[in-house]
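The values are calculated or read from the model by the stated rules, or taken from the named source; none is laboratory data. Remember, it's a predicted structure, so these values are computed and weren't measured experimentally. Neighbour counts are summed over all protein chains in view; Cβ atoms, including those assigned to glycine, are modelled from backbone coordinates with ideal geometry. Protein only, heavy atoms only, side chains kept; ligands, DNA and RNA dropped before computing areas. Shrake-Rupley method; radii C 1.70, N 1.55, O 1.52, S 1.80 Å.
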Amino acid sequence: MENYLVAIVTFAGIYALLAMGLNVSWGMTGLVNLGMAGFFALGAYASAILTVRTGAWIPLGFGLAAIVAALAGAALMGITRKLRGDYLAIITLGFSEFVRLVAANEIWLTRGSDGISGIPGPWRGELSPAQFNVLFCVIVLVLVAVAYVVCERLRDSPYGRVLRAVREDDTVAAVAGKAVDRYKLQAFAIGAGIMGVAGAAYGHYTSYIAPDIFRPLITIYIFLALTAGGVGNNRGAVVGAFLVMAILEGTRFLWDVVPGLAAVQKAALREIVIGVLLIVVMRLRPEGLLPEPVPKVLDKETTR
Amino acid sequence: MNEQEGKTTMIIATHRLSRRSVLAAGAAGAALLAAPAVVRAQAQPIRLGSLTPLTGAGGAYGPRMRDAIAAVVNEVNAAGGVRGRPLQLVTEDDQTSPEAAVRAARKLIDVDRVAAVMGTWASSVTTAVAPLCWENRVSLFTVSGADSITLLPHQGYIFRTQPNSRLQMRTVAKFAVDEGAQRIAWMGPQTPFAQSSIEEFQQVAQAANRPFTSLIYEADKATYRSEVDQILRARPDFIMFGGYTPDSIVLARDLFRAGYQGKVMAPAYAISARMLEALPHEVTQGAMVYEPWPEVASTAYSRLQRLLGSGVEVDPYTAQTYDHANLAVMALAIGGDGNGLAIKDNVRRISQGGGQSVDNAVDGLKAIVAGQKVDYTGASGPCDFTAEGDITGTKFRYQRVDKGAFQVMKIA
């Protein structure tokens, strides 16, 4: 049981990284990023290919994952900077499918739909599976903590205020003399970079990646996590990710308490319960469990 | 399983199935440890995991696959279990997704402590859960076809009852040549077996001096007109499909529209009953399908059909998971501690190498307890494994579509 809980916390941590990455681009800057699975995949593949092919030090893989995903994010934002809302959503969704198809077809680089197996993990051979499990959980939680601190600093800083200004009305931000396109590009790249790190963590943890893992379903889960937790709130992103994982995994144990159903009905019921729970959260707390805090400066001005 | 390793080796040697009993043993001290492990092991159930796709792309097969495993578990329990220990089946849904399957497998292995995970269907799912299985010494029985699976460093923990895709393709390519194909083409989406399919077809075609051409397309398109035009430039008279039902429907329709007159062949899961319903008869007329075919004449197959009820279609995957459960149960009876290691070490002792031929675990258990050597012949075939965990010797069934219905051509 302990191993399982540790593993689930690890996966929830990876979801939390993704949710924070999404929060930077969507929550703070208002750039809908349905290409999340694509950046997740880019990070996973970058790190896996580097460490498997060259035997490079694993932290270098994490670094490369962040850089590759961030550059791809910057490039994508660069060519779509005139798009907003629905159009940006469609383009980014297309981007993630594009990454998945390249991963499936460029067999020389990615081993195609067979996927890359045997991705090294830190001290994987020397530790027992249980010890490795705990170690990696700690690594992921440290990554979550670092990402949280960075994202919070970002949000609190003047830079974060500009991002929020861009989100609320980019014309006003432009009139105020802010280089809106540059801010968008940077925010999108930072978010993508965090997602890339999450991808690297996933690959080194499970030791196997394949194009099938990076289907758009995971993007939906993370959108739900961030919306349930609270868009624009980093703490909400983390809480939402753990909540979604708790719902995904907790529903497994419903099987024992629901009598008289066939296995396939229980499986279907589980998916229904996941959907219903998420709808309930949305219905009762549309602003999320932890709404975005109103900036202090504004507080003072309105109460004066 | 592994927090136990920190304790004395004595505990591990005597019993490693349940954490609770390890703690109890630790509290009771050395006196209890000195008692024979069998005494404490008697009432402990042995858990087996079913990880079939109950939802997602494999959802059409998974429920029946799981029912076949459950049927074996119920039969064995009714007959008194494995050497006095009852079996307990734990079912999880792999959702046909490697990401979800890893979490499900973790639950089976870490929470339920199953001895075996059975019935993984999609190749990516099997490859994703395989490292968890071998690292935690849990046996993995799969129906996935990708060649790469048994090439993983699995230390003997993987058993695959599905003929690997190279073996399938070689057989089918030879069938194509025998059917008089002069110019052969292969069309399919990118899958774990696309590349090996093309290579095998190419080799057989070359050996028979037939021109060969291939094309990989994108799976979810609404039309394949340009792909069809491209492949027809090579003027093939035999086209092999390598995809699934949705893309095969579109492809067959577009080939018909383009006036293609030659033969078409596909795996049975691609040109399925659903496809025959979806398309007019003239489009599907003469199309051929193949599938690894259960030993329909075998007593194991008819026994499984009886267990599941006559209204249930016993497809090859269901037959294979039935064999998974029988193999695992008999291997557990040979010896060991009722865990994945025991299954890994003993499967080949009951699946091959002569001895009394048995077709189900209940008879097999009786014979094993009586000290006899058994050789299991299953519902999917003889169930003999190579050192890598691949199956040897499987039959194929070939059918042809006539007026929207399948007609059996041959089983060979």
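Among (1) within 14 Å of the chain's Cα centre (by Cα); (2) of a type in the set (Val, Ile, Thr); (3) facing chain A (nearest Cβ under 7 Å); (4) surrounded by fewer than 24 Cβ atoms within 10 Å (Cβ to Cβ), there is one condition residue B:150 misses while meeting the rest; what is its number?
(3)
So which of A:19, A:7, A:41 ends up being touching an Asp or Glu at 6+ places or on another chain (Cβ under 9 Å), of a type in the set (A, V, I, L, M, F, W, C), open to solvent by less than 10 Å² (accessible area, probe 1.4 Å) and within 22 Å of residue A:137 (Cα to Cα)? Let's see the steps before the verdict.
Values: A:19 fails: touching an Asp or Glu at 6+ places or on another chain (Cβ under 9 Å); A:41 fails: touching an Asp or Glu at 6+ places or on another chain (Cβ under 9 Å).
Residue meeting the stated conditions: A:7.
If you take the residues of the range B:347-361 that are open to solvent by less than 20 Å² (accessible area, probe 1.4 Å) and not in a strand (DSSP E or B), which of them is nearest to residue B:73 (Cα to Cα)? Even if it seems obvious, please write down each step before you answer.
Within the range B:347-361, the first condition is being open to solvent by less than 20 Å² (accessible area, probe 1.4 Å), and the residues that meet it are B:347, B:350-351, B:358, B:360-361.
Those still in the list that are not in a strand (DSSP E or B) too: B:347, B:350-351, B:360-361.
Details: B:347: 17, B:350: 18, B:351: 18, B:360: 11, B:361: 9 Å.
Here the answer is B:361.
Considering each residue of the range B:269-290, count those that are in contact (Cβ under 8 Å) with a residue 40 or more places away in the chain, part of a loop (DSSP other than H, G, I, E, B) and in contact with a Lys or Arg (Cβ under 8 Å, 6 or more places away or on another chain), and give that number.
Here the count works out to 3.
Which of the residues that make up the range B:272-294 are open to solvent by less than 20 Å² (accessible area, probe 1.4 Å) and within 28 Å of the chain's Cα centre (by Cα)? Steps first, answer last, please.
Keep residues of the range B:272-294 that are open to solvent by less than 20 Å² (accessible area, probe 1.4 Å), which gives B:275-276, B:279, B:284, B:287-290, B:292, B:294.
Correct list: B:275, B:276, B:287, B:288, B:289, B:290, B:292, B:294.
Residues of the range A:208-220 being at pLDDT 90 or above and more than 7 Å from every other protein chain (Cβ to nearest Cβ), which ones?
A:209, A:211, A:214, A:219
Kindly indicate the residue of the range B:53-78 that is among the aliphatic types (A, V, I, L, M) and touching a Leu at 6+ places or on another chain (Cβ under 7 Å) and also farthest from the other protein chains (Cβ to nearest Cβ) among those meeting that condition.
B:76
Between B:325, B:270, which is touching a strand residue (DSSP E or B) at 6+ places or on another chain (Cβ under 8 Å), under 25 Å from residue B:52 (Cβ atoms) and not assigned by TED's automatic domain parsing to the domain that holds residue B:85? Step through it out loud before you land on a result.
Values: B:325 fails: not assigned by TED's automatic domain parsing to the domain that holds residue B:85.
Only one candidate passes the filter, namely B:270.
Please work out if residue A:189 is at pLDDT 90 or above, within 30 Å of residue A:119 (Cβ to Cβ) and within 14 Å of another protein chain (Cβ to nearest Cβ). Outline the logic, then answer.
On the way: at pLDDT 90 or above: yes; within 30 Å of residue A:119 (Cβ to Cβ): yes; within 14 Å of another protein chain (Cβ to nearest Cβ): no.
So residue A:189 fails the test.
How many residues does the range B:369-412 contain that are on the phi > 0 side of the Ramachandran plot, open to solvent by less than 40 Å² (accessible area, probe 1.4 Å) and more than 20 Å from the chain's Cα centre (by Cα)?
At the first step, the residues of the range B:369-412 found to be on the phi > 0 side of the Ramachandran plot are B:371, B:381, B:383, B:389, B:393, B:403-404.
Checking which are open to solvent by less than 40 Å² (accessible area, probe 1.4 Å) leaves us with B:381, B:383, B:389, B:404.
If we keep only those that are more than 20 Å from the chain's Cα centre (by Cα) as well, we get B:404.
Number of matching residues: 1.
Please go through the range B:63-94 and give me each residue that is open to solvent by 30 Å² or more (accessible area, probe 1.4 Å) and outside any strand (DSSP E or B), ordered by number. Explain how you work it out, then say what you get.
Initial filter on the range B:63-94 (open to solvent by 30 Å² or more (accessible area, probe 1.4 Å)): B:64, B:66-67, B:74-75, B:77-80, B:83-84, B:86, B:88-89.
Listed by number, the residues that qualify are B:64, B:66, B:67, B:74, B:75, B:77, B:78, B:79, B:80, B:83, B:84, B:86.
Restricting to the range A:255-265, give me the number of residues that are within 12 Å of chain B (Cβ to nearest Cβ) and either among the aromatic types (Phe, Trp, Tyr) or open to solvent by 40 Å² or more (accessible area, probe 1.4 Å) (or both).
First pass over the range A:255-265, keeping only residues within 12 Å of chain B (Cβ to nearest Cβ): A:255-256, A:261-265.
This time we only want the ones that are either among the aromatic types (Phe, Trp, Tyr) or open to solvent by 40 Å² or more (accessible area, probe 1.4 Å) (or both), so: A:255-256, A:261-262, A:264-265.
Qualifying residue count for the region: 6.
Give just the number: which of (1) modelled with pLDDT under 95; (2) closer than 24 Å to residue A:241 by Cα does residue A:22 not satisfy?
Unmet for residue A:22, out of (1) modelled with pLDDT under 95; (2) closer than 24 Å to residue A:241 by Cα: (1).
For the range B:79-106, give me the residue count where each residue is of a type in the set (Lys, Arg) and within 9 Å of chain A (Cβ to nearest Cβ). First the steps, then the outcome.
Pass one, the range B:79-106, residues of a type in the set (Lys, Arg): B:83, B:85, B:103, B:106.
Those left that are additionally within 9 Å of chain A (Cβ to nearest Cβ): B:103, B:106.
So the answer is 2.
If I filter the range A:30-38 for residues that are under 24 Å from residue A:158 (Cα atoms), at pLDDT 95 or above and either in a helix (DSSP H, G or I) or more than 14 Å from chain B (Cβ to nearest Cβ) (or both), do I get at least one hit?
Just the residues of the range A:30-38 that are under 24 Å from residue A:158 (Cα atoms), to begin with: A:30-33.
When the remaining residues are screened for being at pLDDT 95 or above, the result is none.
No, every residue in the range A:30-38 fails to be under 24 Å from residue A:158 (Cα atoms), at pLDDT 95 or above and either in a helix (DSSP H, G or I) or more than 14 Å from chain B (Cβ to nearest Cβ) (or both).
Name every residue in the range B:107-125 that is crowded, with 24+ Cβ neighbours inside 10 Å, of a type in the set (Val, Ile, Thr), more than 14 Å from the chain's Cα centre (by Cα) and within 11 Å of chain A (Cβ to nearest Cβ), in order of residue number.
Hit for the range B:107-125 is B:109, nothing else.
Given the options A:28, A:36, A:77, name the one that is in contact (Cβ under 8 Å) with a residue 12 or more places away in the chain, within 25 Å of residue B:100 (Cα to Cα) and crowded, with 19+ Cβ neighbours inside 10 Å. Give the steps one after another, and end with the answer.
Numbers: A:28 fails: within 25 Å of residue B:100 (Cα to Cα); A:77 fails: within 25 Å of residue B:100 (Cα to Cα).
It is A:36.
Go through the range A:80-97 and count every residue that is within 18 Å of the chain's Cα centre (by Cα) and touching a residue at least 60 places away in the same chain (Cβ under 8 Å).
Qualifying residue count for the region: 5.
Considering the range A:91-137 alone, what residues qualify as being more than 12 Å from chain B (Cβ to nearest Cβ), open to solvent by less than 50 Å² (accessible area, probe 1.4 Å) and part of a loop (DSSP other than H, G, I, E, B)?
A:122
Considering the range B:374-392 alone, what residues qualify as being under 18 Å from residue B:317 (Cβ atoms) and assigned to a loop (DSSP other than H, G, I, E, B)?
B:378, B:379, B:380, B:381, B:382, B:383, B:389, B:390
Read through the list (1) assigned to a loop (DSSP other than H, G, I, E, B); (2) open to solvent by less than 10 Å² (accessible area, probe 1.4 Å); (3) among the polar types (S, T, N, Q), then give the number of the only condition that residue B:248 fails.
Every condition holds for residue B:248 apart from (1).
Looking only at the range B:184-231, filter to residues that are within 11 Å of chain A (Cβ to nearest Cβ) and farther than 25 Å from residue A:94 by Cβ; which one of those is modelled with the lowest pLDDT?
As a first pass, look at the range B:184-231 and keep what is within 11 Å of chain A (Cβ to nearest Cβ): B:189-196, B:216-220.
If we keep only those that are farther than 25 Å from residue A:94 by Cβ as well, we get B:193, B:195-196.
Values: B:193: 82, B:195: 86, B:196: 86.
If we take residues in the range B:184-231 being within 11 Å of chain A (Cβ to nearest Cβ) and farther than 25 Å from residue A:94 by Cβ, then B:193 is modelled with the lowest pLDDT.
For the range A:194-217, which residues satisfy the criterion of being open to solvent by 10 Å² or more (accessible area, probe 1.4 Å) and under 13 Å from the mean Cα position of the chain (by Cα)?
A:194, A:197, A:216, A:217
In the range A:1-29, what count of residues is obtained for those that are within 13 Å of chain B (Cβ to nearest Cβ), farther than 22 Å from residue A:63 by Cβ and of a type outside the set (A, V, I, L, M)? Lay out the reasoning, then the answer.
Here is the first cut: in the range A:1-29, the residues within 13 Å of chain B (Cβ to nearest Cβ) are A:1-12, A:14-15, A:18.
After this cut, where a residue has to be farther than 22 Å from residue A:63 by Cβ as well, the list is A:1-9, A:11-12.
After this cut, where a residue has to be of a type outside the set (A, V, I, L, M) as well, the list is A:2-4, A:11.
So the count comes out to 4.
For the range A:167-189, which positions are of a type outside the set (Gly, Ala, Ser), in a helix (DSSP H, G or I) and surrounded by fewer than 24 Cβ atoms within 10 Å (Cβ to Cβ)? Talk me through it step by step, then tell me what you get.
Looking only at the range A:167-189, we keep the residues that are of a type outside the set (Gly, Ala, Ser), and these are A:167-172, A:175, A:178, A:180-186, A:188.
Now restrict to residues that are in a helix (DSSP H, G or I): A:167-168, A:170-172, A:175, A:180-186, A:188.
Those that are of a type outside the set (Gly, Ala, Ser), in a helix (DSSP H, G or I) and surrounded by fewer than 24 Cβ atoms within 10 Å (Cβ to Cβ): A:167, A:168, A:170, A:171, A:172, A:175, A:180, A:181, A:182, A:183, A:185, A:186.
Working only within the range B:126-141, note down all residues that are farther than 20 Å from residue B:96 by Cα, facing chain A (nearest Cβ under 8 Å) and open to solvent by less than 10 Å² (accessible area, probe 1.4 Å).
The answer is B:136, and nothing else.
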